[in-house]
Amino acid sequence: MPKMRNPNSPHSRYKGLDVLPNDHGLPVPELPSAREWSEPGRAQWRQWWDSPQAAMWDESFIPTVAVMLTYFGKILDGTATSTHQMEFRHLAGALGLTAEGMKRLGWAFEGDAE
């Protein structure tokens, strides 16, 4: 039987995780005014900025999240190219919105890191 992992070991990959608060209480930034945004797009924007991951973002992330929202809209309406889909996946990971991205960034949800 394999030896059990010790999360308190100095060599543990679970040590030093940034724990993201479930409710960070930060305001949702305004969408960039460069284009018209649909109501479903605005709702998705709010959902992403209300997510625990957004506690780690600052104003410099606004354009990146807006580009991701553009790709998201194209994916949903069926006009996305394979490049749009690939870029969406990369951005979602880079922003920590996927399990793989959170792991790579060293983030954990409040209550999951224990």
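The values are calculated or read from the model by the stated rules, or taken from the named source; none is laboratory data. This structure is a prediction, so every number in the text was calculated from the model and none was measured. As a convention, Cβ positions derive from the backbone with ideal geometry for all residues, glycine included, and neighbour counts pool all protein chains shown.
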>> Can you pull out every residue in segment 41-69 that is assigned to a helix (DSSP H, G or I), free of Cβ contacts under 8 Å to residues at least 24 places away in the same chain and more than 11 Å from the chain's Cα centre (by Cα)?
In response: ARG42, ALA43, ARG46, SER60
>> Quick test for you: out of THR64, THR70, THR81, pick the one residue that is modelled with pLDDT of 95 or more, over 17 Å from TRP37 (Cβ atoms) and of a type outside the set (Phe, Trp, Tyr).
In response: THR81
> Looking at ALA108, is it farther than 18 Å from PRO27 by Cα and outside any helix (DSSP H, G or I)?
Replying inline: yes
> Looking at segment 70-86, which of its residues are touching a residue at least 24 places away in the same chain (Cβ under 8 Å) and of a type in the set (Gly, Ala, Ser)?
Replying inline: GLY73
>> Take the conditions surrounded by 12 or more Cβ atoms within 10 Å (Cβ to Cβ), modelled with pLDDT of 95 or more, of a type in the set (Gly, Ala, Ser) and out of contact with any Leu (no Cβ under 9 Å at 6 or more places or on another chain) and apply them to ALA92. Does it pass?
In response: yes
> All but one of (1) modelled with pLDDT under 95; (2) among the acidic types (Asp, Glu); (3) over 20 Å from ASN22 (Cα atoms) hold for GLU87; which doesn't?
Replying inline: (1)
